[in-house]
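Peer 1: So that we are looking at the same thing, I have put the structure below in structure tokens.
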Amino acid sequence: MSDIERRVSDIMLAKLRVREPSLKDTDFDKSIYDLELDSLDVVELTQILERELKVQADRRQIGSFMLLEEFRSYFVLLATR
Amino acid sequence: MAAGIIDIEAPEAGIPVDNAYFESIGLTDEWIKRRSGISTRRWLTARTPLAEVAADACRPLVSRHGDPSTVDALIVVSTSVRQRVPGIAQQVATAAGLPASVLAFDMNAACCGFVYALTTGLSLCDAGRARSVVVCSAEAMSTMVDKTDRQTACIFADGVAAVLLGAREEFAPATHLAGGDGTQKTLMCETDGGGIHLEGAAVYDRAVRRMTEIAERLCAWDPRPSVLVGHQANGRILEQVRAFTAPLDVPFINRIEHLGNTSSASIPLAFGSALRDASVPPRGRLGAVAYGAGEAWGGVSVSYGIG
């Protein structure tokens, strides 16, 4: 895992463990709808990633994501552009 | 010499309604708290005229001020007043003991109403058009919401609060910013059939970003606020803005737990609550930050000295 992948994963875990304390980055193949998340958690996760990584996400693209891995990959891509 | 807030009245109007009320529409206390941070809110009784409750908030400001004839303007802000004609401001002015010569008018800018009225009132004072101005926000949002709507019924609440504006030597000039985007009018709107349509996640996203930006801009101006009070829209919004504005090192007030979302009244109610329990000192600089339907947004940095 690259440094930026590690960083994005850590930011995501810090936020998501508030709802799912046992979550690991190996669980990123899970659907966000299988976790104890609500729609505002997804917005909060997006905003925290944007702020920490100093990037701007496309809301429509974010809205199509089902898996945590899609969030990680997308923000890794944004952060390395 | 500049205008600022010299008195405030933020009474507890109406009756408390706790989260158990919403069990009949399938909402639990735990779910409401998690989604909104709200435990209780107050609703006015159906028989209570909004003008009467607003006058009850304004009257102490007028009587404490001494000479009512020096209150040259009254701005009554309301999103939820049901009768458009006549306006509510004249009824409030008369019932509050203001002179017949007062410039009294209604304003509606949804949840931004208080910030916009504050900007207007301060401008009247600073321009020398008014010696003092009362700004009153009066909301009965419980009459607007569909009480069977699981998304909005538990969020919105009723409340009334008023401030008295006047000039003092020790005050620094107020500063403000405002903006709007009419293309976003469907994010939050009154529906034809009654009730409020709210695109929750989109509003949450835009409110956090906009309110954070406004707070940062207010704090970049000199003098910077000593306290930030955001529109008490939703506890999740407030906590996210608080987290994002933490580097500013200015206290950010969240009083939504016992107030609910009282639209335009939420900022003076939260500020009044924080003053009452001494969470903020009686003198300082208020940064009021609002975002709401329209979509409209705005902020005011204003000196205050109460008592």
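The values are calculated or read from the model by the stated rules, or taken from the named source; none is laboratory data. Quick caveat: nothing in here was measured; it's all calculated off a predicted structure. For neighbour counting, all protein chains shown are included, and Cβ atoms are generated from backbone atoms with ideal geometry for every residue, glycine included. The accessibility values were calculated without ligands, DNA or RNA, using every heavy atom of the protein model including side chains. Shrake-Rupley method; radii C 1.70, N 1.55, O 1.52, S 1.80 Å.
Peer 1: Restricting the stretch B:230-240 to residues that are within 14 Å of chain A (Cβ to nearest Cβ) and of a type in the set (S, T, N, Q), which is farthest from B:Pro251 (Cα to Cα)? Let's see the steps before the verdict.
Peer 2: From the stretch B:230-240, those within 14 Å of chain A (Cβ to nearest Cβ) are B:233-240; that's our starting set.
Within this subset, residues satisfying the condition of being of a type in the set (S, T, N, Q) are B:234, B:240.
Values: B:Asn234: 18, B:Gln240: 14 Å.
Top of the filtered list is B:Asn234.
Peer 1: While we're here: Within the stretch B:63-78, can you find the residues that are more than 10 Å from B:Ala51 (Cβ to Cβ) and crowded, with 23+ Cβ neighbours inside 10 Å? Before the answer, list the steps.
Peer 2: Restricting attention to the stretch B:63-78, the residues satisfying the condition of being more than 10 Å from B:Ala51 (Cβ to Cβ) are B:63-75, B:77.
Scanning the stretch B:63-78 gives B:Val71, B:Ala73, B:Leu74, B:Ile75, B:Val77.
Peer 1: Would you mention how many residues in the stretch B:150-164 are free of Cβ contacts under 8 Å to residues at least 60 places away in the same chain and open to solvent by 10 Å² or more (accessible area, probe 1.4 Å)?
Peer 2: Selection size over the stretch B:150-164: 1.
Peer 1: Continuing with this model, one more query. Kindly provide the set of residues from the stretch A:11-25 that are within 13 Å of the chain's Cα centre (by Cα), aliphatic (A, V, I, L, M) and either over 23 Å from A:Leu78 (Cα atoms) or open to solvent by 30 Å² or more (accessible area, probe 1.4 Å) (or both), ordered by number.
Peer 2: A:Ala14, A:Leu23 - these are the residues of the stretch A:11-25 that are within 13 Å of the chain's Cα centre (by Cα), aliphatic (A, V, I, L, M) and either over 23 Å from A:Leu78 (Cα atoms) or open to solvent by 30 Å² or more (accessible area, probe 1.4 Å) (or both).
Peer 1: In the stretch B:101-112, which residue that is over 21 Å from B:Leu44 (Cα atoms) and part of a loop (DSSP other than H, G, I, E, B) is most open to solvent (accessible area, probe 1.4 Å)?
Peer 2: It comes out as B:Ser101.
Peer 1: When the residues of the stretch B:193-223 are narrowed to those that are over 19 Å from B:Ala174 (Cα atoms) and in contact (Cβ under 8 Å) with a residue 60 or more places away in the chain, which ends up least open to solvent (accessible area, probe 1.4 Å)?
Peer 2: Kept after step one, since they are over 19 Å from B:Ala174 (Cα atoms), are these residues of the stretch B:193-223: B:193-210, B:212.
Narrowing further to those that are in contact (Cβ under 8 Å) with a residue 60 or more places away in the chain: B:206-207, B:210.
Details: B:Arg206: 62, B:Ala207: 2, B:Arg210: 60 Å².
Of everything passing the filter in the stretch B:193-223, B:Ala207 is least open to solvent (accessible area, probe 1.4 Å).
Peer 1: Could you please give the count of residues in the stretch B:236-251 that are open to solvent by less than 20 Å² (accessible area, probe 1.4 Å) and either charged (D, E, K, R) or within 15 Å of the chain's Cα centre (by Cα) (or both)?
Peer 2: Within the stretch B:236-251, residues that are open to solvent by less than 20 Å² (accessible area, probe 1.4 Å) and either charged (D, E, K, R) or within 15 Å of the chain's Cα centre (by Cα) (or both) number 1.
Peer 1: Kindly provide the set of residues from the stretch B:197-229 that are under 18 Å from the mean Cα position of the chain (by Cα), closer than 19 Å to A:Val43 by Cα and away from chain A (no Cβ under 11 Å), ordered by number.
Peer 2: The answer is B:Arg210, B:Met211.
Peer 1: Among all residue pairs at least 6 apart or on different chains, which show Cβ distances below 6 Å where the first residue, located in the stretch B:28-54, is in a strand (DSSP E or B) and the second is of a type in the set (S, T, N, Q)?
Peer 2: That search, which allows pairs on different chains as well, returns B:Trp43/B:Ser142.
Peer 1: Here is a further query. Of the residues A:Phe75, A:Phe71, A:Phe28, which single one is buried (at least 18 other Cβ atoms within 10 Å of the Cβ), more than 14 Å from chain B (Cβ to nearest Cβ), touching a residue at least 24 places away in the same chain (Cβ under 8 Å) and farther than 20 Å from B:Ala201 by Cβ? Give the derivation first.
Peer 2: Numbers: A:Phe75 fails: farther than 20 Å from B:Ala201 by Cβ; A:Phe71 fails: farther than 20 Å from B:Ala201 by Cβ.
None of the others qualify; the one that does is A:Phe28.
Peer 1: Please state which one of B:Leu122, B:Leu98 is in a loop (DSSP other than H, G, I, E, B), touching a strand residue (DSSP E or B) at 6+ places or on another chain (Cβ under 8 Å) and buried (at least 20 other Cβ atoms within 10 Å of the Cβ).
Peer 2: B:Leu98
Peer 1: Ok, one more. Cβ-Cβ distance below 6 Å, separation of 6 or more or different chains: which pairs start in the stretch A:37-61 with a residue that is at the interface with chain B (Cβ under 8 Å from one of its Cβ atoms) and end on one that is of a type in the set (A, V, I, L, M) and open to solvent by 30 Å² or more (accessible area, probe 1.4 Å)?
Peer 2: So the pair list comes out as A:Ser39/B:Ala201; A:Val43/B:Ala201.
Peer 1: Could you tell me which of the residues B:Val115, B:Val81 is of a type outside the set (Asp, Glu), surrounded by 18 or more Cβ atoms within 10 Å (Cβ to Cβ) and at pLDDT below 95?
Peer 2: Values: B:Val115 fails: at pLDDT below 95.
Unique residue meeting the criteria: B:Val81.
Peer 1: Quick test for you: out of B:Val145, B:Val102, B:Val115, B:Val76, pick the one residue that is touching a Gly at 6+ places or on another chain (Cβ under 7 Å) and within 27 Å of B:Gly307 (Cβ to Cβ).
Peer 2: Numbers: B:Val145 fails: within 27 Å of B:Gly307 (Cβ to Cβ); B:Val102 fails: touching a Gly at 6+ places or on another chain (Cβ under 7 Å); B:Val76 fails: touching a Gly at 6+ places or on another chain (Cβ under 7 Å).
Residue meeting the stated conditions: B:Val115.
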